Every structure is written in C-alpha cells, then in structure tokens.
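Note sheet for the following structure.
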Amino acid sequence: MKLVIYTQYTENYGDSDQPYWKNKGGSTYVVENLTQPQVTKIKEQGLPTLTALIEYANSFSTESIIGHSVVPDSTSICEEWESPIKLAWTNNRWTATHVTKNDEFGFLRKEIDRKIETWDMMMNGERENYNCTYVLRDGRIGKGSDVASMLEEA
C-alpha cells in the first residue's frame, strides 16, 4: 500500500494590504511500501506530522493539503506528465526526492535526461540539505553550475 497526498499551491498577485490569491497547481506526494500497522495509524490519526512538514502559508504563497488516500501499490496516482515527490523516513527524519523526467512533456534543455532533487523536510515547508543533480542523456552527471559548463562542452 502507499499513501498519496495532494496539495494546492497558491500565489499572492497582490500585496499584504490587498492580497489577490491565485491557485497555481499543486504537488503529489507519495509514501510507498506502507505496512498494515502504518495504514491503520493513518486511518485513525490522520497525517499530523506530514501536514506540519508540507503545509505552509506566508504573504507570498501557500501550500495546503487538499486530500490524501491510501491505495494499492499498483494504483496510478497522477498524470503521465507529472512527477510525484517521494517521501521516505530515513535516518530519523522525513526526506523527499523529486525526479523530473525531461521526456516529451519536459521543459529542460534537450541534452538533459532528468533532474533529481533531494532534501530533508522541515516544519512549514522548509528544506534542509537540498541537493539538485542533473543527468545528461550521454550519461554524465552534474550539479548546479557544473551542468552549464558540461552543456557547453557537448
């Protein structure tokens, strides 16, 4: 079984005195390989910790959980152009991994195959230990500004 969490992201197009909030999409989070005791705990207690880690609100933007469900592992959880954020309990903290494939729906330079982002989740949507890696179609792997020079070499 897996837990699927859907969020709504909004941005303020106004200011703090006259806010103008617009929905701008959202994210899909997934926690895979749940045990039956974990499923039971979610059904009984909800998602207090993950809610505190995912949701945030400030004068510029918000992210709020709009729904969650526990589904069989084989269940499709998002459209093919979307890439869910995988959450895992690792080293006594929640970590996130987001793999953006640069396929027919991609927006990255054509030389890039995928972008892999990882981070430790903190309260109110904050992140620690953020890491971004790019995998090029020729198999080379680079981080941040290294990728620009790698692409110039190609």
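The values are calculated or read from the model by the stated rules, or taken from the named source; none is laboratory data. The structure displayed is predicted, hence computed values, not measured ones. Using ideal geometry, Cβ is built from the backbone for each residue, glycine included, and neighbour counts are taken over all protein chains shown.
Name every residue in the range 32-49 that is surrounded by 15 or more Cβ atoms within 10 Å (Cβ to Cβ) and over 19 Å from the mean Cα position of the chain (by Cα), in order of residue number.
GLN38, ILE42
Take the residues of the range 103-121 that are of a type in the set (D, E, K, R) and either surrounded by 16 or more Cβ atoms within 10 Å (Cβ to Cβ) or modelled with pLDDT of 95 or more (or both): which is farthest from TYR134 (Cα to Cα)?
Checking each candidate, the answer is ASP120.
List the pairs whose first member sits in the range 64-85 and is under 14 Å from GLY46 (Cβ atoms), whose second member is modelled with pLDDT of 90 or more and surrounded by fewer than 14 Cβ atoms within 10 Å (Cβ to Cβ), and whose Cβ atoms are under 7 Å apart, counting only residues at least 6 apart or on separate chains?
Pairs found: ILE65/THR51.
Suppose we filter TYR29, TYR13, TYR20 for residues that are surrounded by 15 or more Cβ atoms within 10 Å (Cβ to Cβ), of a type in the set (Ser, Thr, Tyr) and modelled with pLDDT of 95 or more; which single one remains?
Answer to the check: TYR29.
Across the range 140-154, what is the number of residues that are of a type in the set (Gly, Ala, Ser) and within 20 Å of THR97 (Cβ to Cβ)?
Total satisfying the criteria: 2.
Taking the range 125-153 only, how many residues are assigned to a helix (DSSP H, G or I) and surrounded by 13 or more Cβ atoms within 10 Å (Cβ to Cβ)?
5
Residue-wise test of (1) among the charged types (D, E, K, R); (2) touching a Ser or Thr at 6+ places or on another chain (Cβ under 8 Å).
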position	(1), (2)
GLY67	no, no
ASP73	yes, no
SER76	no, no
TRP81	no, no
THR97	no, yes
ARG109	yes, no
ILE112	no, no
LYS115	yes, yes
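For the range 24-106, which strands (runs of 3 or more DSSP E) that fit wholly inside it have 3 or more residues that are closer than 17 Å to ARG127 by Cα and not β-branched (Val, Ile, Thr)?
Correct list: 61-71, 85-90, 93-101.
Consider THR100 against the criteria (1) within 22 Å of MET1 (Cβ to Cβ); (2) surrounded by 16 or more Cβ atoms within 10 Å (Cβ to Cβ): it satisfies all of them except one. Which criterion is unmet?
For THR100, the failing item is (1).
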